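A.B. asks: One structure, as structure tokens, below. Some questions next.
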Amino acid sequence: MEARKVVLADHEIPKQWYNIQADLPKPMSPPLHPGTGKPVGPEDLAPVFPMNLIEQEVSQQRWIDIPGEVLDKYLIWRPSPLCRATNFEKLLDAPVKIYYKYEGSSPAGSHKPNTAIAQAYYNKAFGIKRLATETGAGQWGSALAMACRMFDLECRVYMVRVSYEQKPYRRMMMNTWGAECIPSPSDRTEAGRQILAAHPDSPGSLGIAISEAVEDAVTHENSRYSLGSVLNHVLLHQTIIGLEAQKQFEKIGLYPDVVIGCAGGGSNFAGISLPFVRDKIHGKQVRVIGAEPASCPTMTRGPFAYDFGDLAMKTPLLPMYTLGHDFMPAPIHAGGLRYHGMAPIVSHLLREGLIEAAAYDQIETFESGVRWARAEGIIPAPETNHAIAAVVAEARRAKEEGKERTILFNFSGHGMVDMAAYDAYLSGKLSPYQLPDEEINRALKAIENLPKP
Ligand SMILES: Cc1ncc(COP(=O)(O)O)c(C=O)c1O
């Protein structure tokens, strides 16, 4: 009988994260200071992040030890299972084996705790008492709320107002774990007050909420800011996913032909794929695909450029594929994929041709997600549905070419708190969305005069 679930024992959990910076054939362009345009130094970031995480952000060391206290929390649900989706395979009727890493098994229901726990630990170790962050649909905010509770830190989360009102359950999760959750834009920060003065009914955006959380962190004592994606250290923490998957594939004597993840800021996609990209750099044949929404097509329609991470232009300039920091994505239901930029590491790999990107319309993603749920049972997060749409496309291609393929994808989270989005899809309230070129061109005007990588 072929294995349906490949599990690692607790003692087999990887003890180090993998830092791809050590293996990049070409180094990445540095982040730039927004005021001077010069590369940022560790001291520039010190008011925002603790120095131990800044060291990870710039580290060139290939393997970084996972502290025992972090492993201890990971072991609550890690190693996560590698599962084979035989029922979905039958449904697709293509010559493919489909394996997925199930990150929905974490207490918060997604991959986000992999870095939330590490970040809470390092802040605590540095003597920080309180963290501020932003969240869109609430996956990240709830993961950080849980991690802060585990390490006895206070936590304040600025949640995009439209999600705060439409998606109360993740706010309730944050409150249950003891965090404060505030709808953004709020009157707690200068950035929020300015937006409210101009647009009293502003629904908020991730860019605004990031501005509020950064300002909050630098204006409160013993506080720092925490980000759930995009940055190098966040991607580093997520590599536990791909490292476990490699051990699991080794156990069954297989190696994937294709590795897929959905991509918002790039963290779960990088988490599953970077250890495989390392193999690819060293000569292995493997395709790596990031799946993004057609309504926020950062990698497939944006330029590679320097841009700010937030709307208030307070963060360093990052070299990345971007739609421009004032790009306002349509309110699609995959809230976690509505970010204007892409992680610099992922952007660099795409530019170097080591990975590929594909965009999917929300209707297509829900169609794939519902087919999955009916075949395999688990209801995926709307973000994860993008990865499943990419799996369906790869299976179709394998069938057309008549070639066998082993596909691995990251099941970044379950959708049990996102049922309103499924309701909208099932009752025909979602429609396909074509993002006009004019809107992209308008938003890109905002970065025209910034330095070029
Ligand atoms: C379940 C899930 N998958 C994917 C994402 C996208 O984020 P990232 O690209 O950083 O993995 C999110 C973000 O909130 C998420 O909640």
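A.B. asks: How would the chain be classified by its alpha-carbon gyration tensor: rounded, prolate or oblate, with rounded meaning a/c under 1.5 and the a/b versus b/c comparison settling the rest?
C.D. replies: rounded
A.B. asks: Checking the cross-link filter: which lysines have an alpha carbon closer than 21 Å to that of residue 429, excluding same-chain neighbours under 8 positions apart?
C.D. replies: Counting by Cα, and skipping residues close in sequence, residue 429 has these lysines nearby: 167.
A.B. asks: Got a sec? Which residues in segment 98-121 would a label at residue 72 touch, if it sits 7 Å along Cα→Cβ and we count backbone N under 20 Å?
C.D. replies: 107-108, 113-121
A.B. asks: Also: Distance between Cα centroids, segment 277-300 to segment 380-444: provide it in whole Å.
C.D. replies: When both Cα centres are located, 15 Å separates them.
A.B. asks: Only loop residues by DSSP count here, and only those with at most 14 other Cβ atoms within 10 Å; note down the trypsin sites (Lys or Arg not before Pro) in segment 96-188 that meet that.
C.D. replies: Here the sparse-neighbourhood loop sites are 129.
A.B. asks: I would also like to ask the following. Residue farthest toward the positive end of the dipole of segment 58-202, with Cβ of Lys/Arg at +1 and Asp/Glu at -1: which of 173, 70, 80?
C.D. replies: Farthest towards the positive end: 80.
A.B. asks: Using +1 on the beta carbon of Lys and Arg, -1 on that of Asp and Glu, and nothing else charged, what's the dipole of the chain about the Cα centre, debye to 20?
C.D. replies: Numbers: 46 positive and 51 negative charges, 159 e Å.
Around 760 debye, computed over the chain.
A.B. asks: Okay, next question. What is the antiparallel percent of DSSP beta bridges lying wholly in the chain, to the nearest 5?
C.D. replies: 35
A.B. asks: Continuing with the same structure: Counting other Cβ atoms within 10 Å, which trypsin sites (Lys or Arg not before Pro) in segment 330-433 have at most 10 and lie in a DSSP loop? Write out the running numbers ahead of the final one.
C.D. replies: On the way: sites: 338, 351, 371, 374, 396, 397, 399, 403, 405, 429; in loops: 338, 403, 429.
Hits after loop and neighbour filter: 429.
A.B. asks: Excluding ligands and nucleic acids, what accessible area in Å² is computed for residue 93 using a 1.4 Å probe, to the nearest 10?
C.D. replies: 100
A.B. asks: Summing Lys, Arg as +1 and Asp, Glu as -1, what charge do residues with Cβ under 11 Å from the Cβ of residue 318 carry, residue 318 excluded?
C.D. replies: Local net charge: -2.
A.B. asks: Then there is this: For a quick check: with amide H placed at 1.01 Å from N, whose amide H comes under 5 Å from residue 356's, ignoring anything fewer than 5 positions away on the same chain?
C.D. replies: Here 288, 289, 290 satisfy the definition.
A.B. asks: In addition: Give the accessible surface of segment 177-256 per residue, rounded to a whole number of Å², with probe radius 1.4 Å and ligands, DNA and RNA excluded.
C.D. replies: Using a 1.4 Å probe on heavy atoms only, each residue of segment 177-256 averages 36 Å².
A.B. asks: Within the accessible area of the chain, what % is carbon and sulfur when the probe is 1.4 Å and the other protein chains stay in place?
C.D. replies: 52
A.B. asks: Picking from 238, 253, 222, whose Cα lies most toward the positive end of the charge dipole for segment 210-264 (charges on Cβ: Lys, Arg +1; Asp, Glu -1)?
C.D. replies: Positive-end residue among those listed: 253.
A.B. asks: At a Cα cut-off below 26 Å, give the lysines reachable from residue 284, other chains included and same-chain residues fewer than 8 away excluded.
C.D. replies: Within reach: 5, 15, 26, 97, 101, 247, 251, 399, 403.
A.B. asks: Counting Lys +1, Arg +1, Asp -1, Glu -1, what net charge surrounds residue 181 among other residues with beta carbon under 9 Å of its beta carbon?
C.D. replies: Combined, the nearby Lys, Arg, Asp and Glu give +2.
A.B. asks: Let me ask something additional. So which cysteines in the chain don't have a second cysteine's C-beta under 4.7 Å from them?
C.D. replies: So, 83, 181, 262, 296.
A.B. asks: Would you kindly derive the ³J(HN,Hα) couplings of segment 436-453 from the backbone phi angles with the Karplus curve 6.51 cos²θ - 1.76 cosθ + 1.60 (θ = phi - 60°), listing them in order in whole Hz, with x for Gly and Pro?
C.D. replies: Couplings: x, 4, 4, 5, 5, 4, 4, 5, 6, 4, 5, 10, 3, 9, 7, x, 9, x Hz.
A.B. asks: Also, quick follow-up: Ordered by residue, what ³J(HN,Hα) values in Hz, to whole numbers, does segment 218-233 give under the Karplus form 6.51 cos²θ - 1.76 cosθ + 1.60, where θ = phi - 60° and Gly and Pro are x?
C.D. replies: 7, 9, 10, 5, 6, 10, 9, 9, 9, 10, x, 7, 6, 6, 4, 5
A.B. asks: Gain in length, residue 221 to residue 59, computed as 0.36 nm per residue apart minus the alpha-carbon separation, to one decimal in nm?
C.D. replies: 55.6 nm
A.B. asks: Also, I was wondering about something else. Longest segment of the chain with no GluC sites (Glu not before Pro) in a DSSP loop having at most 10 other Cβ atoms within 10 Å?
C.D. replies: Longest gap between qualifying sites, sites excluded: 222-447.
A.B. asks: While we're here: Can you give the local net charge around residue 304? Use residues other than it whose beta-carbon is closer than 14 angstrom to its beta-carbon, Lys and Arg +1, Asp and Glu -1.
C.D. replies: +2
A.B. asks: Nearest 500 deg cm²/dmol is fine: what mean residue ellipticity at 222 nm does the chain get from its DSSP H runs of n ≥ 4 alone, each adding -39,500 (n - 2.57), divided by its residue count?
C.D. replies: Numbers: 18 runs with 188 residues, N = 453.
Calculated mean residue ellipticity at 222 nm is -12500 deg cm²/dmol.
A.B. asks: Further, regarding this structure: What's the extension gain from residue 397 to residue 252 if we count 0.36 nm per residue and subtract their Cα-Cα distance?
C.D. replies: On the way: separation 145, 0.36 × 145 = 52.20 nm, distance 2.49 nm.
In short, 49.7 nm is gained.
A.B. asks: Right, another one. Please give the length that would be gained between residue 439 and residue 420 if that part of the chain were fully extended, namely 0.36 nm times their separation in residues minus their C-alpha to C-alpha distance (nm, one decimal).
C.D. replies: My answer for the length gained is 4.1 nm.
A.B. asks: Rounding to the nearest 20 debye, state how big the charge dipole of segment 130-205 is about its Cα centre with +1 on each Lys and Arg Cβ and -1 on each Asp and Glu Cβ.
C.D. replies: Values: 9 positive and 8 negative charges, 31 e Å.
Computed charge dipole of segment 130-205: roughly 140 debye.
The values are calculated or read from the model by the stated rules, or taken from the named source; none is laboratory data. Bear in mind that the values here come from a model prediction, so they are computed numbers and not experimental data. Positions of Cβ are generated from backbone atoms using ideal geometry, with glycine treated the same way; all protein chains shown enter the neighbour counts. Quick note on the areas: whole protein, heavy atoms, side chains included, nothing else; ligands and nucleic acids left out. Shrake-Rupley method; radii C 1.70, N 1.55, O 1.52, S 1.80 Å.
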